[in-house]
Structures are given as C-alpha cells and as structure tokens.
Amino acid sequence: MDKPSSPPKAAAPEDVWLRQDTGRSNKSRVVWIALMKVLSGFVLGVLFYGALRHFNPSFGGKLRYIGSVDGEVAAGDGGNAFKIRKGSKYLLGVGKADITGPVVEINMMGYADTKQVGSGLRQRLFSRAFIIGDHERPDDRFVYLVLDTQSGDTAVRYGILEGLANLGSDYSVYGQHNVAVTGTHSHSGPGAWLNYLLPQITSKGFDKQSYKAIVDGALLSITRAHSNLQPGYLSVGSTKVFGANINRSLYAYLANPEDERAGYNTTNEDDGSVEKTLTLLKFQRALDGKNIGVLTWFPTHGTSMLGNNTLISGDNKGVAADLFEKSLNGDETAAKGFVAGFSQASVGDTSPNVLGAWCEDGTGRQCSFKNSTCSNGKSQNCHARGPYFRRNDNGASSCFEIGKRQFEPAKALYQDMDNLGTPITGSSVKSFHIFHDMSNFSFPLSNGSYVTTCPAALGYSFAAGTSDGPGAFDFTQNDPNTPNASPVWRVVSGFVHEPSKAQRACHYPKPILLDVGEVTSPYLWTPNVVDVQVLRVGQLFVVVSPGEATTMSGRRWKKAVAEEASSLALSDSAAVDPVVVLGGPANSYTHYIATPEEYSVQRYEGASTLYGAYTLNAYIYLTLTNLPYLSPSSNTRPKPGPFPPNNVNNSLSFITGVVFDNPPIFKKFGDVKTDVQHSYRAGATISAVFVGANPRNNLRLEQTYAAIEKLDSSSGRWVIIRDDSDWSLIFKWKRTSEVLGTSEVEIVWESEEGTGNGQYRIHYWGDSKSVGSGAISSFEGLSGTFVLT
C-alpha cells in the first residue's frame, strides 16, 4: 500500500482574551482585539483589562458577538471579559431523526429471546448524526452516527451509503471511507434488520419495515446535519462517571496481567475493572458562539431494561441523550436543535446493573464468581440487579437512573468546558475504512512471532448468556477445553456444521458450539469480513469498533493507536497529545473482542470472540497498518478489501404482516373503552384505554402515537406537553382477537411531581387496515378532560 508522508508540525494553541462590546465602531473593535491578542500571559492580560476598567469605567456592558480574529469568538453574557483557548476552525453539522421501527409483533434485538416480542413504546428511537469537515478542504470530512440500536450493521450501512449516493452530487463526498454507523447497544429496540442469519433466527427472519425505518431515519439525520454545516470549533474534555457500570465478568478481567491492571487502579471507587471516564466532544458554531451539540463516549451495556421488557426504548443511553437535549431547551449557550449523542465505548464486559449478580432461587446468595451459576449449578437463576431492581417495572426505574447518572456528569462537564476542555487543533480531518477477511489471517505480533485468526465460531459459554440475560439449558460460563454441558450439544453442533480439526485447534481453548463462520447455507450466519475504520480530527482519533471490545481490549487498542499516532506525528500539532476514543459496536456486528487472557477463561465474552484468541491483536495490527492514511498530508486511501455480502434482498422472513383491523361491534376506532378519572394529584399515574389498531400500519415516524395535551386558558387551545418520545408517556398495544382483528391501546402517563395545575387530556393517533382492500385509514381518539392539582 502507498503510505502517505508524515505531517508537518504545527504551532501550539494560544490563549486569547476577548473583551466585552460597548458599541464602539468595527475599526475600534478590531484594534482592541488585536491589542488583546498581543498580550502573552494570563497576569498581564488581567492587569491590562483592570487598567481599562479603572481609566474607562464604560469599558463593559452586555457581551454580544463582536466578530472573530484568527479563530477567536466572543459570545455570551456577563459583566467580565472571558478567555477562550484557541482551536482550529472546522465545518460542523449535527442532525437528529426518528428511526423507531415496528413497536409490536416483532422480536426485540439483544437478548435473543423468542418470547421477547414488542408490545408498545416507552421512548422513540433516534439517529443522531455528527459531521466534521476540514474548513479549507471541505471534501475531507466524516459522519459519525449514533443510532439507538443494538449495533451498527452491514446491511444498514449499505442502505445508508446507497441512499447518500442517490441524493446527488452534494452528497458525493460521503462514502465507505468516512461514514461510521454506531449503535448505542440498546437491547430494547425492534429486531429483524441485521444482515446475517444468526441474529435473524430469533426474530423469524428479516423485516424490511424494521430495516427501512433505521436506514431512512439515519439518512434524514445526515441530510439535516449536512444542510446545517457551518464553521465552528471543537473542544474535548473528560470526567468520571460513578455508579453507572460494573464489570460483569470480573473473573475474566483478572486473568489480564496484574501489572497492567494496576496501572488503571487509582482508587477504591475507580479500581480499573471498568472504565469510569466519559469523554465529551463539544461542537460550537463560529457565528455566535452557541453550542450545537455534544458527542460523548462512555461504556455501559444497554441492558437496564430487562429481558422481560417488551416496550421499545433506547435504554439508558437514550435516556441520557434525551435528558441532555431537553435540559438545554431555552438555554442561552445552546442553539436551537441541539443534538446530544451518547455513544457506546469499550462495552464488552460492562453492565449497568450495578448492584451485581444475585441468585433468584431463595438462597439470597450472589452468583458464583467463576461461572455465574446458582445452587443448582445452572445460570438461569443468576440475574444482575439495577439500582431499583425491587420495582416491578421490567427495569424502567433502573434504566432511567443509569441514564441520569450519565447525563448529570456530562452536563456538568459541558457547563465547565471553558475550564476543563482542550481545543481541538490542527485543521485537517481524515478517515480510512477497509474490509478485511478474518478467516485464516496470519500476521506478526510485536515480538515477531506469527499468529493466525480463524473463521468465525462461537463457544459453549456463548449459550450460557450473562447475568444481564442468562442463557438456557445446562450451559455455563468459564467452560474452556472440554465443556461440562451435555454431550447432546455436540450432536446439535454437528448438525449446524462439524468443525474441522484445524478449526478446533485454531480456536483452542474455545470448545466450538456453533461453527458459524464456515456455514454458508442459506447464506452466511455471521461475518468473516470485518470493518476496520478510524476517524481523525486534529488530535482526536476515533477507533470505530465492529465488535464489543472488553475494558482491557479497548485500553490496549487505544493505547496502541495513541503511541503510533505520537510516533508518526499524526495529530497536526506537536504541542498536543493524541486523544483516542473507541466507539461501537459499529458498521457490522462481530460480537465480542476479548483479550487473549480473557479468551483463555472462556466466559461469555471470550466464547463470543469470533475469530480466535488473537482477534484483538488482529484488529490492532490492521488499525496501525493503515494509520498513516490519517496523516494531514495524505491524499490517498487504502484498498477497500473484500466487500461483505448484502443480504437485504435474499434474507429469509417468516414474519407475517398485518392482515386487517376491526373495531368491536357497536364501536369505532379511537373510542374510549376505559376513561380517565376527573382529577389527579401531580405524580399520579394516569391512563386511558382506546379501541385501537395495529401500529405497524403506520410507524408515525417524526410524529407520535400518543400525547398529553394541556388546555391553554388564554387561547382556549390544547397544547401538547408530552408525546411518545418522552419517557413518562407509555404506549401499549394488545391484540384482543386474532379472528376478529380487534385490538386495544392503553396510554399511560406517569405524571411528574411539580407538573403544573390545569386541565389535561390524552390524545391517541392510530391507523387501521381495512378488510379486503387493505386500505390504511387514520383516526384519532380523545380521553375525557381531567384536572391535575
């Protein structure tokens, strides 16, 4: 491959003082700003400003936008001048769009439980798009998508890229090399949209409605970000988040070298077993200094909502993003349409169920440390507990709390970024992406010895599940070499595909349960071709991981990139150290990425590491090999590699569509079956039941199925104050007769303490499918009016 040359060294970032505007002429402003810029030190700047105030008391007043000099922006309010660290100027855009697929009758993606079928909506799902471009070379840019889905996916990414290509020449700058499609790893979204057969099995195949909702919404979020591109500045900062994650496979983590673990063990609260650092990237427009968005990275599994939950939501990351965005409504620091992305990080061995794993078998004991089993030697009774596990709400209270525990420190960091943030410097924006076949890939380790990856396979402990979602039968975690499970499973495994002697040796000590990488009928079960991608803006590097990297895997990967980036001087500036984050699972779904030491233990994460013990090493090797393409002077790209298949049009599907809807006799769609009471106290749970129709008839994207409306006494108009994107408003659907085609909808409002007094009502929007013609007709339903006191 052609390797681009090393970048030139850039100057260090400067500090600059900006004064308040007193209505002076433009010429006067420029003179004063230039004079401020000449001052070289903090103390001198303070003295100079103080002298101005002493001899000219009118030098003050309300601060407003007064222009920019060499990338400096003055904006905001207050009675004092303030300091902004100088950063480079970029093209920035953010966008958000609805990707909520079918909320009923589709198996949910994450727990692989055929019984977990959607029955309604707790919170709408969104795609959040972040575009960063080189201000001087605008074709050099990248898109980072954060989807409220279990992961990125090959078919979804193909669909997004095809859609971008069809949008015309303005969107020709986007392609394989610069579009990253990440998922928050929510286990509470509809499934049936993934490219490979294995995750399609529990969902009864592929559903184009589910797939299209994600692709179309992702495209809409990108077009919104693209249309809003404007000059701006980036700054990055970090903070600690406590109480939002633990290591659910601590026994495997402890297999890593003690001296390596010790380097991350700083306090009792931050013992290194999981990453407690949240990294935040702030997007600020140059026009007026207002912030247009933030993008954060922090690892915790999207398993706060439990395996018995059947309401669609973005899990704890969706909660955090929603809280952040709503908290800035009307905030003078934020532009209208502010977007907050809470991206996943080294999520593999993390859990949001921070009270640990306990046996629900009456013993009151914690699960076995080594293999997460209970008194009967099986894993089914081992369940992790969130902060509010005693509440009978399928994890909803714990989910909201874990989301809040991410939102609050992120918001505090955002508010103090002028002090805690570091400007992103170096004008260039670069990215690379390749496909690589991981089956039988031979490469050197750092010690010069050669190792090989293997065609994809899953071990016995994969079927054991985790304490977040236990598996079935007699499978257990930590089961290497000769498994303890029934020998019947060896026969079952052989029915799928009998692994060869070479395949068994390659995956050792993983006992192979599903030799998925060597099965091509009716099409591939899992990917052998993986995505390798890194994005760079200034000194910030984003490793885009196609699998769930464990805590230590993520650390090794990021450390290797940081060291190589420093060695090659890729950061555009010798004065700043590389900042490396990892986001994923992205672009495809390659299950887990454990360290070789963790792999040897063969708990769930090791058994789900598809390509053998050296999977992580291979990803690191491929990343570092292509890292020079991120050089500021690079104008080439690596060869794309072997393209994976796109199974959208040849995937199996046994999912039946909506046949028809009927109202009960003497009723019509939207009629109230159970009405609200006349009055409630704020904080009460309020509900109404309507004659409904199947919500798969219309996904109501960018709309709502349900709303709480309040009467505006001054105008006499009803105003929506909650819709189905709000956590507190729940939409439930239930089929009451398959034969007659009848169903009902319950809309529940968990009203908040402090909700204002007044008159309210519940509004339902639905769509019915007629018998015979199959025509879709919309309708509405209204509850009675109730008073909140």
Using DSSP to define loop residues, name the chymotrypsin sites (Phe, Trp or Tyr not before Pro) in segment 428-481 whose beta-carbon has at most 15 other beta-carbon atoms within 10 Å. Phe473
Bins of 20 Å, beginning at zero and ending with the bin holding the largest distance: percent of Cα pairs per bin for the chain, please. 16, 47, 31, 6, 0
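What's the exposure ranking of Ile434, Ile312, Ile686, going from fewest to most Cβ atoms within 10 Å?
Values: Ile434 22, Ile312 29, Ile686 19.
Ascending number of Cβ neighbours within 10 Å: Ile686, Ile434, Ile312.
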First select every other residue whose beta carbon is under 11 angstrom from the beta carbon of Val103; then total the charges, Lys and Arg +1, Asp and Glu -1. +3
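Only loop residues by DSSP count here, and only those with at most 12 other Cβ atoms within 10 Å; note down the chymotrypsin sites (Phe, Trp or Tyr not before Pro) in segment 188-295 that meet that.
Here the chymotrypsin sites (Phe, Trp or Tyr not before Pro) that fit, given the DSSP loop and packing criteria, are Phe242.
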So if I place +1 on the C-beta of Lys and Arg and -1 on the C-beta of Asp and Glu, and nothing else carries charge, what would the dipole magnitude of the chain be about its Cα centre? I want it in debye, nearest 20. 1060
Based on the Cα gyration tensor of segment 701-789, what are the three equivalent ellipsoid semi-axes, each the root of five times an eigenvalue, rounded to whole Å and given largest first? 29, 15, 11
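Can you list the equivalent-ellipsoid semi-axes of segment 323-433, largest first and in whole Å, using the square root of 5 times each Cα gyration tensor eigenvalue? Let's see the in-between values first.
Working: eigenvalues 313, 77, 27 Å².
Taking √(5λ) for each Cα gyration eigenvalue gives 40, 20, 12 Å.
Ala775 to Asn646: extension gain in nm, 0.36 nm per residue of separation minus the Cα-Cα distance? Working shown, then result.
Working: separation 129, 0.36 × 129 = 46.44 nm, distance 3.20 nm.
That pair, Ala775 and Asn646, stretches by 43.2 nm at full extension.
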What does the charge add up to near Asp726, with Lys and Arg as +1, Asp and Glu as -1, over the other residues with Cβ less than 12 Å from its Cβ? -2
Please give me the summed charge of the neighbours of Asp515: other residues whose Cβ is under 10 Å from its Cβ, Lys and Arg +1, Asp and Glu -1. -1
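For the chain, what does -39500 (n - 2.57) per DSSP helix run (n ≥ 4), summed and divided by total residues, give at 222 nm, in deg cm²/dmol to the nearest 500?
Working: 16 runs with 166 residues, N = 789.
Computed ellipticity for the chain at 222 nm equals -6500 deg cm²/dmol.
List the longest stretch of the chain that has no exposed loop site; here a site is one of the GluC sites (Glu not before Pro) assigned by DSSP to anything other than H, G, I, E or B, with at most 13 other Cβ within 10 Å.
Details: sites that count: Glu136, Glu269, Glu332, Glu702, Glu738, Glu752, Glu753.
Excluding the exposed sites themselves, the longest stretch runs over 333-701.
Take every DSSP beta bridge whose two residues both sit in the chain, then give the antiparallel share in percent to the nearest 5. Mind dumping the intermediate values first?
On the way: 117 of 140 bridges.
Once the DSSP bridges in the chain are tallied, antiparallel ones form about 85 percent.
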Output the lone cysteines of the chain: those with no second cysteine's C-beta under 4.7 Å from their C-beta. Cys399
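Among the helices of the chain (complete DSSP H runs), which have Cα atoms covering no less than 15 Å along the helix axis and a Kyte-Doolittle mean of at least 0.0? It would help to have the intermediate numbers written out before the result.
Numbers: long enough: 26-38 (18 Å, 0.55); 42-55 (20 Å, 1.44); 154-165 (16 Å, 0.76); 208-227 (28 Å, -0.06); 315-327 (18 Å, -0.66); 396-415 (28 Å, -0.47); 551-568 (26 Å, -0.72); 615-626 (17 Å, 0.50).
Span-like helices, by this rule, are 26-38, 42-55, 154-165, 615-626.
Read-outs: derived from the displayed coordinates by stated rules, not from any lab. All figures in this text were calculated on a predicted structure; none of them were measured in a lab. For neighbour counting, all protein chains shown are included, and Cβ atoms are generated from backbone atoms with ideal geometry for every residue, glycine included.
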